[in-house]
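Notes to accompany the following structure.
Since every read-out is calculated from the coordinates, none of them should be taken as a lab result. These numbers come from a predicted model, not from an experiment. As a convention, Cβ positions derive from the backbone with ideal geometry for all residues, glycine included, and neighbour counts pool all protein chains shown.
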Amino acid sequence: METNPLVSIIIPVYNAEPYIDECIRSAQKQDYPNTEIIIIDDASTDESVQHIIQYSGITVLKNENNLGECKTCSIGYAHAKGTYLCRLTGDDAFVNSNHISIQVAEMEKKNLDWCYNNISLIGDTTTDAVETYTSWVPLPLKYSPRWFWIFDNLFLKFPNICYLILGLRGPMNTNAVMIRASSYHKYLTWYNQYGTYCDHIIYEGLFLHKLKGRAIHSMGAFWRVHPNQNTQSSRGKEVLKKLRLEMYSENKNFPFWMRIACRFLKRRVQ
């Protein structure tokens, strides 16, 4: 077993000037002793880059043209040298300094392909953010009651079930997910046509390939909610609907019961 394997923190940035300093500092303050931080600026039109270059010990990549979040992430992941990969968007932040340490310990101990934290902070700023709990229990609630997390790792033993639930709700904060690099390069990829929801395709791949994952019951990351987010726009909601419809489209590789479930869920999404 490798001692303190390298962790790559990939940060895609586009016009994140008001937030990027907090994001970078949250990555740099991690107590884990072996990380690399890769920031990819997607042709920002604000002063994001001027903020980024003030920090030392960071690899900075710059897109000449705006390529979109998915392609930008793909570039960052291709440059990463770590055994483990994390994605942190430029307007968000890790909450605790031991975030990476906790995840690596879990990945190493249980030989996981991926893991995530099921507690997050969500809000405008970290000071007024609300602590939220996510879970795989398929209830029509945006966030789950606190005690539902006890079922998370039971659900993760059934990847087909998790795949179906994934189209209905988002049980994982993208900034709280760690993936083994070898598993990513073998099974996963980014698809740019889904805009800011491209991480959803990564999660689909985790379950379609039945990669071994685990939920960690600890605080993960801060997800900032602000008016300029693509996920809050009408266009973003249209893209999410399209993605869900494609998830539930006919797939002959699915078992019979799963194809029936997809037909039912597709009608619900429509």
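Quick notes on this structure:
- Helix 256-269 axis, angle to the chain major axis (alpha carbon atoms, nearest 10°): 70
- For the range 1-134, dividing the convex hull volume of the Cα atoms by the residue count gives 116 Å³ per residue.
- Between the helical axis of 234-247 and the longest alpha-carbon principal axis of the chain there is an angle of about 50 degrees.
- Near-label residues of the range 109-140 by backbone N, under 17 Å of a point 7 Å along Cα→Cβ of Lys210: 112-114
- Lys157/Leu6 FRET efficiency (R0 22 Å; Cβ-Cβ; nearest 0.05): 0.15
- Virtual spin-label span in nm between Tyr191 and Thr59, 7 Å along Cα→Cβ: 2.7
- Over the range 7-227, relative contact order from alpha-carbon pairs under 8 Å, at least 6 apart, %: 27
- Signed unit charges on C-beta, dipole axis of the chain, positive-most listed residue Met219, Leu85, Gly170: Gly170
- DSSP beta bridge pairing in the chain, given as percent antiparallel to the nearest 5: 35
- Measuring how big the chain is from its alpha-carbon positions, Rg and Dmax come out at 17.9, 55 Å.
- Distance between modelled label sites at Ser249 and Arg268, nm, 7 Å Cα→Cβ extension: 2.1
- Cysteines having no other Cys beta carbon under 4.7 Å from their own, within the chain: Cys23, Cys73, Cys86, Cys115, Cys162, Cys262
- Positive end of the dipole of the range 7-227 (Cβ unit charges, origin at the Cα centre): among Pro159, Asn98, Leu188, the Cα lying farthest that way belongs to Pro159.
- For the listed residue pairs Lys157/Lys186; Lys81/Lys266; Lys81/Lys110; Lys71/Lys210; Lys29/Lys210, the alpha carbons are over 28 angstrom apart in Lys81/Lys266; Lys29/Lys210.
- Acute angle (nearest 10 degrees) that the helix 69-79 long axis makes with the longest principal axis of the chain, alpha-carbon atoms: 70
- Per residue of the chain, the DSSP helices (runs of n ≥ 4 H) give a summed -39500 (n - 2.57) that works out to -10000 deg cm²/dmol at 222 nm.
- Along its principal axes, the range 154-217 has C-alpha extents of 32, 28, 22 angstrom, given from the largest down.
- Electrostatic dipole magnitude of the chain [Cβ: Lys, Arg +1; Asp, Glu -1; Cα centre; debye, to 20]: 1620
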